[in-house]
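The numbers here are math on the coordinates, done by the rules we state, and not lab data. This structure is a prediction, so every number in the text was calculated from the model and none was measured. All Cβ positions, glycine included, derive from the backbone under ideal geometry; neighbour counts span all protein chains shown.
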Amino acid sequence: MVRPWKFTLREEKLSDRPSHALVGVVSMPARAISPARAIGRRLLLALLALLAVVFVVYLERDGYRDVNGDGVSLLDCFYYATVTLSTTGYGDITPATETARLVNIVVITPLRVLFLILLIGTTLEVLTERSRQAFRIQNWRRRVRDHVVVIGFGTKGRSAVNALLGEGDTDPSQVVVVDSDRGALDVASARGLITVHGSATRSDVLRVAGVQRARAVIVAPNRDDTAVLVTLSAREINPKARILVSVREMQNVHLLKQSGADQVVVSSETAGRLLGIATRTPRVVDMVEDLLTPEAGLAIAERAVDPSEEGGSPRHLPDIVLGLVRDGTLYRVDAPEADSLEPGDRLLYVRKVSAGEETVS
């Protein structure tokens, strides 16, 4: 019995593509540069290329022939370099006197170059930018380590990024945003963040974002079922990363914990509690908002216990201590475990932040 041939098509994964094929999927933040500086840089490069040709021609000037028959001077070398680099070539009319050739170098050639820029400048700019993006993506994929991946750049994702950058210890280039909405990615890119276009439910998209080498993954999609699937994929790719997830419903918390989430924030429950508190004590909500905003006012910060503080009580410190972290476990300041500070403890305390000052931990 002869079995029929079976052909299977393997879907290409984004993580298997070379860096130049990821242009348009991965977007590196553009480096701001003024038009005058960009033009000046190009003119400098053009001048260097011109001088290089002049140097080569002058060294071998005995091998060139001038129609005037008086040898090739340094000015002749400059003339030859300019008409050669500008792809002008030679016609039936050529400047014979030094004055004419000087005018050709100083006036005609710059106008000729300007004309070429106007004709093909846009095409060259697109090609150059694409090549530059491909090189930067390749370099970034090779070096990226210990970054933060943010899944979803909606209201929750943007607030998470604001808090990250507001702390002052995270550079925008260390934050990678994954979203399928181009508009949201444009906003993220304008803030200097690296973006990856695609669905985070696909493991190859997560690998392109570098989840396998990330220190933390923030999962903030619009749907709870998407959050569960993304958490499962992220935990499979990186068993050591800290995964923090936002969901709408409390009933889905246990699913996310089982999927590998280290911490789950229930947005609807939290918002409901704040609304309930606001009916009785509205200023409490303002204070909570102040504590959660690290840019100014009061902020919750974390620091290591100083050796001089070991053995003492956190309640006797000048800082307003809310709790301490020991061996990965958080204890409130009134817990029996927090009566005496030990080496390696970290304190959660309230810190006053001036406008424009960065919080540190």
Let me check against my output: what whole-number percent is the relative contact order of the range 151-259, with C-alpha pairs under 8 Å and at least 6 apart? 24
Taking every pair of alpha-carbon atoms in the range 242-300, what share in percent sits in each 5 Å bin, from 0 to the bin with the longest distance? 4, 18, 18, 17, 19, 15, 8, 1
Just the Kirkwood number for the range 148-270, please: inverse of mean 1/r across all distinct Cα pairs, in Å, one decimal. 14.0
Take every Cα pair under 8 Å in the range 294-353 that's 6+ residues apart, average their separations, divide by the length, and report that relative contact order as a whole percent. 51
Please give me, ordered by residue number, the trypsin sites (Lys or Arg not before Pro) of the range 212-266 that lie in loop per DSSP and have at most 12 other Cβ atoms within 10 Å. 223, 240
20 Å cut-off, amide nitrogen to a point 7 angstrom out along residue 199 Cα→Cβ, residues in the range 152-187: 152-154, 177-185
Three principal axis lengths of the range 294-353 [C-alpha, angstrom, descending]: 32, 22, 19
Skipping prolines and chain starts, which residues have an amide H placed within reach, meaning under 5 Å, of the one on residue 326, given they are 5 or more residues away or on another chain? 331
Residue 277 to residue 327: extension gain in nm, 0.36 nm per residue of separation minus the Cα-Cα distance? 14.7 nm
Using 0.36 nm times the number of residues separating residue 288 and residue 180, minus their current alpha carbon distance, what extension gain do you get? 35.6 nm
Using a cut-off of 10 Å between beta-carbons, work out the net charge of the residues near residue 317 (Lys and Arg +1, Asp and Glu -1, residue 317 not included). -2
Output the relative contact order of the range 205-258, whole-number percent, from Cα pairs under 8 angstrom with separation of 6+ residues. 41
Share of alpha-carbon pairs per 5 Å distance bin for the range 218-335, given as whole %: 2, 9, 14, 14, 16, 18, 14, 9, 4, 0
Could you go through the range 210-226 in sequence order and give the Karplus-derived ³J(HN,Hα) for each residue, using 6.51 cos²θ - 1.76 cosθ + 1.60 with θ = phi - 60°, rounded to whole Hz, and x for Gly and Pro? x, 4, 5, 10, 7, 8, 8, 10, 9, 9, 9, x, 8, 10, 5, 5, 5
